[in-house]
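The values are calculated or read from the model by the stated rules, or taken from the named source; none is laboratory data. Everything numeric here is computed off the predicted structure, so don't read it as measured data. Don't worry about glycine lacking a Cβ; one is built from the backbone with ideal geometry, like all the others, and counts go over all protein chains shown. Protein only, heavy atoms only, side chains kept; ligands, DNA and RNA dropped before computing areas. Shrake-Rupley method; radii C 1.70, N 1.55, O 1.52, S 1.80 Å.
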4 protein chains.
Amino acid sequence: MKPELRIGLIGTGYMGKAHCIAFQTASAVFPLSGTIVCEMVADINAELAAQKATEFGFKRSTGDWRELVNDPNIDLVDICAPNYLHREMALAAIAAGKHVYSEKPLALNASDALEMTEAAERAGVKTLVGFNYTKNPTIQLAKQIIERGEIGEVVHFRGTFNEDYLADSQTPFSWRLKREFSGAGTLGDMGSHIINIAQHLVAPIEQLCADLQTVHKQRPIADTDGETGRVENDDQVHMMVRFNNGAIGTLESSRIAWGRKNGLWFEINGTRGTLIFDQQRLSELQLYTATDASNRQGFRTILTGPEHPDYQHFCVSAGHGIGYNDMKAVEVRDLVEGIFNQTPIWPDFRAAYEVNKVMDAVELSHRQGSWITL
Amino acid sequence: MKPELRIGLIGTGYMGKAHCIAFQTASAVFPLSGTIVCEMVADINAELAAQKATEFGFKRSTGDWRELVNDPNIDLVDICAPNYLHREMALAAIAAGKHVYSEKPLALNASDALEMTEAAERAGVKTLVGFNYTKNPTIQLAKQIIERGEIGEVVHFRGTFNEDYLADSQTPFSWRLKREFSGAGTLGDMGSHIINIAQHLVAPIEQLCADLQTVHKQRPIADTDGETGRVENDDQVHMMVRFNNGAIGTLESSRIAWGRKNGLWFEINGTRGTLIFDQQRLSELQLYTATDASNRQGFRTILTGPEHPDYQHFCVSAGHGIGYNDMKAVEVRDLVEGIFNQTPIWPDFRAAYEVNKVMDAVELSHRQGSWITL
Amino acid sequence: MKPELRIGLIGTGYMGKAHCIAFQTASAVFPLSGTIVCEMVADINAELAAQKATEFGFKRSTGDWRELVNDPNIDLVDICAPNYLHREMALAAIAAGKHVYSEKPLALNASDALEMTEAAERAGVKTLVGFNYTKNPTIQLAKQIIERGEIGEVVHFRGTFNEDYLADSQTPFSWRLKREFSGAGTLGDMGSHIINIAQHLVAPIEQLCADLQTVHKQRPIADTDGETGRVENDDQVHMMVRFNNGAIGTLESSRIAWGRKNGLWFEINGTRGTLIFDQQRLSELQLYTATDASNRQGFRTILTGPEHPDYQHFCVSAGHGIGYNDMKAVEVRDLVEGIFNQTPIWPDFRAAYEVNKVMDAVELSHRQGSWITL
Amino acid sequence: MKPELRIGLIGTGYMGKAHCIAFQTASAVFPLSGTIVCEMVADINAELAAQKATEFGFKRSTGDWRELVNDPNIDLVDICAPNYLHREMALAAIAAGKHVYSEKPLALNASDALEMTEAAERAGVKTLVGFNYTKNPTIQLAKQIIERGEIGEVVHFRGTFNEDYLADSQTPFSWRLKREFSGAGTLGDMGSHIINIAQHLVAPIEQLCADLQTVHKQRPIADTDGETGRVENDDQVHMMVRFNNGAIGTLESSRIAWGRKNGLWFEINGTRGTLIFDQQRLSELQLYTATDASNRQGFRTILTGPEHPDYQHFCVSAGHGIGYNDMKAVEVRDLVEGIFNQTPIWPDFRAAYEVNKVMDAVELSHRQGSWITL
């Protein structure tokens, strides 16, 4: 008989639904070592919780997330609540001996993230933070190519994660723009992903120097007669980094870059080749290798397929394309297999803490106008 | 209490699994009017059927598809068996009063397809044939743009559906290469999709002239000492068509086009603009409109998002990308909503029969070396 | 002392200027075996001829092309006049013992083209017809790749040459739309290029079946009060072809394809790989080769550079890009070197006659509604 | 009678030839206000000078550049010699009252550049420095779009100029790698272009913080038995900048980025839209504008054509493509028209001095590890 993993989901918004789709898809796509059971949903609005439980196919619901966290029939607490609640919820879940699946960024700052990490490690529970993009078979392939030395030693990484969801200066004010609820701005929302990817594909970041800016400093408050709210975090951020293996790079993020819808993009130069990836064409990896005959060299567009990591579970034919939600299903697979088999999971809280450390250093660098050594 | 739709799945291969993923995803993504129940799996190998039932999350299994078809607790028969079995299975399911979901092409020839269509219509059961590509939000957007006249009157359609899964002359012989089991070659496998799309986006095809060719005439039989099998159907096909609204076009398909992994591509010229679509970049639609200022005209790449058909169910942010399996989930939504609400479903058997008619005309045109009027 | 080649240019419009730029550029770029001397310009308007002679850097001018053709100080007659005049001018030039450089299509029909070809061959003069696109280093590279067998045996060619210069139904009537002055429509203007390229890269065309259409049948006559002129030639044309080496293909051309500005595009499938070219990105060749490791295969974008044919004369660095006029300079180099060194020139009148033969067959096929064997 | 401008060219290498092609092309393409006369060539090797004079179509030659500079029949001194000679040659030419056309970077450092600038301004001679990329009609179009406010206020500029000509660690040592001859490395060679473009399209750079690195520190010396030379300047450089209009940005350059052949690329985000340009597709400009209907927004690819700046002189049809050498021809047009008409020329020595100032600040920032205010 297969073991069960009973999920308690906190938060019923966009990410809550995305996690539910991923639980279903992962179960249908992968030969999992156990069964995912959608057990309970919590939302501060009990009625909404009940409605979403039905909609998402969960058995029970509650208006009190602490009830969920302490329920004996919950094995994993899945935190899809706003950033400022991650710490409290995760610590409570860890205290109750639950595994924790949290959305990113893990915490509002590195010291909180460290506290959460150490708590989880002491308790021996499993954790995973939703830096989903590295789960894409295409980025897994990039990792493989780098590790096998196919582009030589990495010498430069340039990465961006730009979107335009706040490019319109008239987009209304929201809690995401206040530090106490959201922490950093685009740095935390999208910048955290590109930091995570850089660390994953290249090496730990050792030093950085950063700049950031709030372009639209006031935004209209919805349903008011012209009132505006002050934006407290960054619209655009960029940094120069030095990795601990000697490579250097630039990382950027913007939430006001018109036209970029999921502008996660990177180029990695090595001593023998180059890789380029664009999340908006998430099934394509550009590989240039100096190993090709000199008059036949060019960037080749590899369409991910069954010969590449994890793809064959979704489809037997190359180039048919996996989607955004499929990356989340791979993430869920990694999470539940780690729990079922008691094997390491990546990126866990500690890996996410490393991202928070970089984020703190970015803000410090900007305030001080200087390089920061991590 | 929501109504239930109990699925009986015949066939446990690639397409069987794809359908199961789609059942799960559709349930998680869409607010369906009823519940999809994965009831029974049939496979000629009873043991495999049992194993796949567990794997796919179905309740029961059988080694006899007729048992499934006649089971009183099955509402919908889902046919994922080889082409040559579609007719017999569908007719039996219709006779038993079941709704039918069939993979494409519907039949080995138009007369079989017509028989199946008329049987379904007489019985009043619902049908859907798996021409999944038109379910892509991006192609739905193309349809909307055309219908609203944004590119004017359509004057030309050029479409291809090319892959390379048989490009290697040493890929072994299989039943797909024999007429009695598979019917046409690439014409049926991929050509049927591009025919369906052309009819959907432009108009019925009235006349055509076609050419086709088997390039690799013998293929090695696996696990033999150099024996080969004779390939009985087409490796590549193309046709000139005249639509009944006066537009003309070309349609092509190849299974030996190196490098094309899901090379479903089309360009539609209208009197006021052009659309281009490439399934390998399935979330992008290229739109050129003569309405833009003359010195600012250019193909614009629209990334499908929540403002376009069906996308918002998958993700709230544009450009994050849907995948191949997601199109199948839209197809399942169309199917089950049509059944739950007793509304028309497209493409039903009759629409699929129209594709089979074109396929027959293509082969006749090639044999006669002449234009054929449908 | 280097020999001289004295040019007599007939026609001072767009193509006349393009030729003059090419004479200058070829002289600056290539180490030619002799000197190009811009001797005389003819235009029916003597005043315009004089003005253009100054502007183009020619020594003399005339209002009578026959005077130019018979001038003893002219070695090469360069015909940039409308299509219907090519025959008369070329025959006169050949009769006067001049070499002839003619724009394409060579003639209004194949019989005229044959007459001109035979006259030139009998007279022993050199000829070249301006099918300039094959002079692009990128297409020369494609030719080299095919000849070396890098994509195996060619099995399919699909090519288009689409533009939108007549896509607007209100673009005024002109002499180009009348058969007596222009002959075929888009078939002659752009279709002739793609026919030439297909013959060059694949093999002679043996059989074809074609369709063509005039979409905008009347166009306004400029400076009239609403008068319209009847369009006598094709707006869009496509054909299925069978090459004499067994490959098949489709060729298309349109002058009403919105968004296509120089939409010369082809894909060539071979038994071991594929080539794709798009003139709008004229320095890029897409190569897919089955020789790459199966999990590293992809279309590679080769940027033409000094290791590829003729590029190094323009620039020492790859990917810096050659332009439209540069292809014409290569053409001029081929022309004048053939004359200076008395070596074969391609494409000469005979090669252009082969294009005219296909064009005639296209029109016949359309009239008869049948396949034509050439 | 048209005035003449008599050119004295110093340097017969790659850039010398490029200039000669540009003189010819500009004369053939543009209706210039005067005549360019190719008068004299200087090279330290008198024999080579003579040979190149013939090859390039110049009347005279000399082995002594000072003779050329002081020749009374020279109006313009064109400096295509190595960087470290620019200062001496330009000052001598200015002293002789000649106009000066110099390749970039103007000088080895800002103080030299300023000396040259002030000398030229005092003497009242015209100058132009070969930052040719802004002469591309496509970048001219970008400038026009920004100036007209079509993308609102610029908030971010990210630009790169990466190539791979030194990516191979075994590419031999050369004088370009020594500071005394070349000054900065990729910063001067390609970085100077992207700095110039950023200043041109956005605003003056006010503050910057930069990092740079020599990755391949020793390179083999050709024709020796394993000797190596020490590389004294940067292989890769990047910087964060703040423009004086409040926009921020990142600029990068690498000469070791495998696969980049002419990787001049930029993206400019404004408050109402975005522009993207890639020199490897030099006739395409990507424009995203928030003015389009929200469900029809997308990056549109504008192919430069006759409606855009300067294009119509090269070709009457859009999208046919201009090449690298054509940009140089526009540069020559700007140069000679400024001289013939006594109008301002851009970029003159002063504009190039502004680039040198940024380059100096980059090196200082790197040495100090701090932000620099210009």
The alpha-carbon center of the stretch C:130-151 and that of the stretch C:314-358 are separated, in whole Å, by 12
Axis carrying B to A; for chain B the Cβ-nearest residue and its rounded Å distance come to B:G323, 1
HN-Hα couplings for the stretch B:227-238 via Karplus (6.51, -1.76, 1.60; θ = phi - 60°), in whole Hz with x for Gly/Pro, come out as 5, 10, x, 7, 7, 9, 9, 6, 8, 8, 8, 8
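Could you size up the charge dipole of chain B around its Cα centre, putting +1 on the beta carbon of Lys and Arg and -1 on that of Asp and Glu, and report it in debye to the nearest 20?
Working: 35 positive and 47 negative charges, 106 e Å.
So the dipole magnitude of chain B works out to roughly 500 debye.
Using a 10 Å cut-off around each Cβ of peptide B:289-297, what is the average number of partner chain Cβ atoms that fall inside?
The shielding value for this peptide is 6.
Looking at the protein assembly as shown only, what percent of DSSP beta bridges run antiparallel? Nearest 5 please.
Numbers: 176 of 288 bridges.
Around 60 percent antiparallel, to the nearest 5.
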Here D for the stretch A:243-284, in µm²/s, from Stokes-Einstein with a Kirkwood Rh over Cα pairs at 20 °C and 1.002 mPa s, works out to 175
Within 10 Å of the Cβ of an average residue in C:160-172, the count of other chain Cβ atoms is 3
Taking the stretch B:4-132, the equivalent ellipsoid from its C-alpha gyration tensor has semi-axes in Å, biggest first, of 21, 17, 14
Under 5 Å from the placed amide H of C:E4, counting only residues 5+ away or on other chains, we find C:T35
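Which whole-number percent gives the relative contact order of chain D, counting Cα pairs below 8 Å spaced six or more residues apart?
Working: 835 pairs, mean separation 75.4, N = 374.
Relative CO of chain D lands at 20 percent.
Among DSSP bridges having both ends in the stretch C:4-132, what percentage is antiparallel? Round to the nearest 5.
Numbers: 0 of 21 bridges.
Rounded to the nearest five, the antiparallel share is 0 percent.
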Expected max-MSF residue from D:D278, D:D348, D:D223 in the GNM of chain D (alpha carbon, under 10 Å) is D:D223
The computed P(r) of the stretch B:311-374 puts the percent of Cα pairs beyond 17 Å at 63
Total charge of the residues flanking D:G249 in space, meaning their Cβ is under 13 Å from its Cβ, with Lys and Arg +1 and Asp and Glu -1, is -3
The relative contact order of the stretch B:4-132, taking Cα pairs under 8 Å that sit 6 or more residues apart, comes to a percentage of 23
If labels are modelled 7 Å from Cα along the Cβ direction, A:R230 lies from its partners in the other copies at nm distances, smallest first, of 5.4, 7.8, 8.6
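Two decimals, Cα atoms only, Kirkwood Rh: what is Rg/Rh over the protein assembly as shown?
On the way: Rg = 34.0 Å, Rh = 34.7 Å.
Result: Rg/Rh = 0.98.
Is it possible to state the helix-based mean residue ellipticity at 222 nm for the protein assembly as shown, with each DSSP H run of 4+ residues giving -39500 (n - 2.57), the sum divided by total residues, to the nearest 500 deg cm²/dmol? What is it? Before the final figure, lay out the partial values.
Numbers: 40 runs with 480 residues, N = 1496.
Dividing the helical sum by the residues of the protein assembly as shown leaves -10000 deg cm²/dmol.
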Comparing C:C80, C:C315, C:C209 in a Gaussian network model of chain C (Cα, 10 Å), the one with the largest mean-square fluctuation is C:C315
A correct Karplus calculation of ³J(HN,Hα) over the stretch A:256-269, with 6.51 cos²θ - 1.76 cosθ + 1.60, θ = phi - 60°, whole Hz and x for Gly and Pro, returns 10, 9, 3, x, 8, 9, 8, x, 7, 9, 8, 10, 10, 9
The answer for the net charge of residues other than A:L335 whose Cβ lies under 12 angstrom from its Cβ, with Lys and Arg +1 and Asp and Glu -1, is -2
Averaged per residue, the 1.4 Å probe accessible area of chain D, protein heavy atoms only, in Å², is roughly 33
Taking the label point 7 Å from Cα along the Cα-Cβ vector, the copy-to-copy distances for C:P72, listed from shortest in nm with one decimal, are 4.2, 11.2, 11.9
Counting Lys and Arg as +1 and Asp and Glu as -1 over every other residue whose Cβ sits under 11 Å from the Cβ of D:N70, the net charge comes to -1
Scattering profile of chain A from the Debye formula, Cα beads only, expressed as log10 I(q)/I(0) at q = 0.08, 0.09 Å⁻¹, is -0.42, -0.53
Of all DSSP beta bridges with both partners in chain C, the antiparallel percent, nearest 5, is 60
Note to self: C-alpha centroids of the stretch D:21-70 and the stretch B:193-232 sit apart, in Å, by 63
Sorting from shortest, the nanometre distances separating the label point of B:E150 (7 Å past Cα along the line to Cβ) from those of the same residue in the other copies are 2.0, 3.8, 4.0
Partner lysines whose C-alpha sits under 29 Å from that of D:K98, ignoring same-chain residues fewer than 8 away, are D:K2, D:K17, D:K52, D:K59, D:K126, D:K135, D:K328, D:K357
Which of D:G191, D:G97, D:G319 fluctuates most in a GNM of chain D (C-alpha springs under 10 Å)? That residue is D:G319
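Give the relative contact order (percent, whole number) for the stretch C:20-83; include only Cα pairs under 8 Å separated by 6+ residues. Kindly include the intermediate steps, with their values, before the conclusion.
Values: 62 pairs, mean separation 17.3, N = 64.
Normalised by residue count, the contact order of the stretch C:20-83 is 27 percent.
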Convex hull around the C-alpha positions of the stretch B:228-374: the volume in Å³ per residue is 206
Partner shielding of A:201-209, taken as the mean number of other chain Cβ atoms within 10 Å, equals 1
Long-range amide H partners of D:G185, meaning residues 5 or more apart or on another chain whose placed amide H is closer than 5 Å, are D:D234
